[in-house]
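The structure appears below as structure tokens.
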Amino acid sequence: MTSTATRPRRSFFAYASALLGLLSLMAVWCFHFPELLTSKEFRAVYNETFARHLLLVGLVAAFVLGTLAILRDRNRRVAMLGVGGATLAVLLGGSNVQFDAIGQTPYSLGLDWFVISLFFSALVFVPLEHYLGRRRISPLRPGWRTDVAYFFMSHVLVQFILILVTASTSTIAGLAAFPGLKAAIQSLPVWAQFLIAVFIADLAQALLHRAYHNLPWLWRFHAVHHSSREMDWLAGSRIHFVEIVLTRSAVLLPLLILGFSTPAVNAYVILVGLQAVLAHANLGIRFGWLEYLLVLPRYHHWHHARQYDYIDVNYAIHLPLVDMLMGTFKLPRDRDAWPQEYGVMKLESVPRGIVEQHLMPFRKGKHYDDHVA
């Protein structure tokens, strides 16, 4: 009888150290080049003291976790990456790094947005999925590097995405003038505007989402999102750049036309960021009747199910009511039923890696049926 060698388990300490070490190094770069690497809009959300304290926590944790992994002889190279990144961050100034007044530049990257968002998202969802997950999958499951790359792209390029979205919507919104309707909406309290904005934005998103699934030239882009074979908090980041621009434009346009207030729109932006992550998360919590009120993990997981009878359902990202109105609402009667597989029907039709996936929609010879049939 021949024995097969088992793959050694990955060390959580080593990979956590690598993540924190690299994030700490990026944070120091943000201090050195704030006008180029940080987003003006996001800088208004946090202050310097918060950023320095967070950087200090990241540095200490990277050193401690990396050292423990090295002493335990588990994934030493990965642990050394974390310790090395943290060491370089300290040499570049660490949490005491100095920086001059932030200058004005026409464009900037959102590296600070990436660092802070990834840190807190992982801090919240990795433990939640470990203890409350529906499926026992590792945070380092196949495809995680690709999804981190998408997470990086969508956050670091946030200003360029905003420019494209604004350019595609502002002109149309300016031509579509409904002063009476705008005045009526703006006379409402912010909480009422927020609720209406959620419904209108979700309806716009769901209609476009349905088009993604039914128009071959749009499906080429959306198939990338459905290529994830495991569902967790990070899987929702896998979205083609073209789809990001199209979806955000479709959602923002009606909100601009109808004149929702800035606080209401900002509240919606926060909601969509949270719910998009939650909907993809690997959480097996029973939400009961809330599943019919809000889009929660089981609801959206069935949209990603690798089953023919669930290909064309559950398009909403906020409110199941939208799918009910569109006739695309569907959940199994068994409230404990979850999909067994995720991904496009022909898994081999979508390549691996962010570069190949971004080139895929533009390659000749691909048809709708190549991905779903």
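Just so you know, all these numbers are worked out from the coordinates, no wet-lab data involved. Note that the structure is predicted; figures quoted are calculated from it, not measured. Backbone-built Cβ (ideal geometry, glycine too); neighbour counts: all protein chains shown.
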### Query
Is the shape of the stretch 17-89 best called rounded, prolate or oblate, per the rule: a/c under 1.5 gives rounded, else a/b larger than b/c gives prolate, else oblate, with a ≥ b ≥ c the square roots of the Cα gyration tensor eigenvalues?
prolate
### Task
Please arrange Glu341, Glu230 by counting, for each residue, the other beta carbons lying within 10 Å of its beta carbon, fewest first.
Glu341, Glu230
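Could I get the Rg over Rh figure for the stretch 1-123? Both from C-alpha atoms, Rh via Kirkwood, rounded to two places. Write down the numbers at each step before the final one.
Working: Rg = 17.0 Å, Rh = 15.3 Å.
Computed over Cα atoms, the ratio is 1.11.
Divide by every residue of the chain the summed helix terms, -39500 (n - 2.57) for each DSSP H run of at least 4, and state the resulting mean residue ellipticity at 222 nm, rounded to the nearest 500 deg cm²/dmol. Working shown, then result.
Details: 17 runs with 226 residues, N = 373.
After summing the helix terms and dividing by residue count, I get -19500 deg cm²/dmol.
Which whole-number percentage describes the relative contact order of the chain, with Cα contacts under 8 Å and a sequence gap of 6 or more? Don't skip to the end; give the middle numbers.
Working: 524 pairs, mean separation 60.7, N = 373.
Relative contact order comes out at 16 percent.
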### Query
Which of the DSSP-defined H helices in the chain satisfy a minimum axial length of 20 Å, computed from C-alpha atoms, and a minimum mean Kyte-Doolittle hydropathy of 1.0?
12-32, 48-71, 76-91, 111-132, 158-175, 241-257, 262-280
### Task
Return the tail of the calculated pair distribution for the stretch 158-372, meaning the percent of Cα-Cα pairs more than 23 Å apart.
48 percent
### Message
If you take Rg and Dmax of the Cα atoms in Å from the coordinates, which of [x] 25.2, 104; [y] 22.0, 69; [z] 22.1, 81 do you get?
### Response
[z]
### Alpha-carbon centroids, the stretch 279-346 and the stretch 12-73: separation in whole Å
36 Å
### Task
Give the Debye-formula value of log10 I(q)/I(0) at each listed q (0.18, 0.28 Å⁻¹), with one equal scatterer per alpha carbon of the stretch 222-280, two decimals each.
-0.73, -1.16
### Query
Which of Leu331, Ser170, His301 sits farthest toward the positive end of the charge dipole of the stretch 158-372, with +1 on the Cβ of Lys and Arg and -1 on the Cβ of Asp and Glu?
Ser170
### Query
Using a ≥ b ≥ c from the Cα gyration tensor of the stretch 82-197 (square roots of the eigenvalues), is it rounded, prolate or oblate, where a/c under 1.5 gives rounded and otherwise the larger of a/b and b/c decides, a/b for prolate?
oblate
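Normalised by the number of residues in the stretch 158-372, what is the relative contact order in percent for Cα pairs under 8 Å and 6+ residues apart?
Values: 283 pairs, mean separation 54.7, N = 215.
The normalised contact order for the stretch 158-372 reaches 25 percent.
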#### Entry: Net length gained if the chain between Leu140 and Thr171 were fully extended (0.36 nm per residue, minus Cα distance)
6.8 nm
### Query
Modelled label-to-label distance, Phe287 and Leu36, 7 Å Cα→beta-carbon offset: nm?
4.3 nm
